[in-house]
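Structure record follows, encoded as structure tokens.
The numbers here are math on the coordinates, done by the rules we state, and not lab data. Everything numeric here is computed off the predicted structure, so don't read it as measured data. Because the Cβ atoms are built from the backbone with ideal geometry, glycine has one as well, and the counts that use them run over all protein chains shown.
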Amino acid sequence: MNEVVEVLYQWHKGRKISQIGQSLGMDRKTVRKHIRSFKSSGISQNGPFPDEQELVARLKDVLHSPAYEHPVLDLVTKYRSDIEAWLKDPNMTGKQIWRLLKENFNINVGYTTIKRYLRKEFSFGRPKVTVRIETPPELKPRLISAMQVLYTIPTNRR
């Protein structure tokens with residue numbers, strides 16, 4: 001949301017699309033898309049800059065416009081209960097879910113879309129927990145030598 005507001009601010013000040021993109025690290029096409037959305041919501045470059053409440057209301061409409069919707073994800077969401085049941089199998093992979101959706105429901109979506117959906121809805125493919133263990137300074141030398149023993153690769157010399 002902050003980047004969109006910054007695009008609007010710079011555009012309103014009269015900066016060129018390439019300059020806006022370069023300053024924000026965005027592609028020019030993305031900047032153009034935002035500017036098109038501003039214009040369609042009634043924000044003009046020559047008019048007064050909208051106040052905060054009006055800006056939030058208009059940008060909310062812009063960001064929830066069809067250009068920002070994901071119809072493919074909506075299609076996959078219909079089969080959430082089936083996907084949830086398949087994920088109960090601990091050996092199930094994202095590729096298998098993609099294949100099952102294709103075979104059982106004739107859904108023709110990309111594998112990356114399915115991976116993105118699984119990650120978003122089920123945290124699939126992400127590590128469960130990362131635990132950091134603090135070692136007291138007096139035990140560190142012992143721990144380091146134990147790790148060196150564990151990671152020593154034997155060499156076969158003939």
Next on the checklist: Run the reach check for Lys39 against lysines, Cα to Cα strictly under 25 Å, same-chain hits fewer than 8 apart removed. What comes back?
Outcome noted: Lys13, Lys16, Lys29, Lys60
Checklist entry - If you average over every viewing direction, what projected area does the convex hull of the Cα atoms of region 2-68 give, in nm²? => result 4.1 nm²
Item to check | aspartates and glutamates with Cα under 19 Å of Lys33, excluding same-chain neighbours fewer than 8 positions away | outcome: Glu3, Glu6, Asp61, Glu69
Checklist entry - When the Kirkwood hydrodynamic radius is evaluated over all pairs of different C-alpha atoms of region 71-122, what value in angstrom, to one decimal, is obtained? => result 10.8 Å
Checklist entry - Arranged from highest to lowest average of other beta-carbon atoms within 10 Å per residue, in what order do the peptides 21-30, 84-93 appear? => result 21-30, 84-93
Item to check | Proximal lysines to Lys102, defined as alpha-carbon separation beneath 17 angstrom and excluding residues fewer than eight positions away on the same chain | outcome: Lys78, Lys115
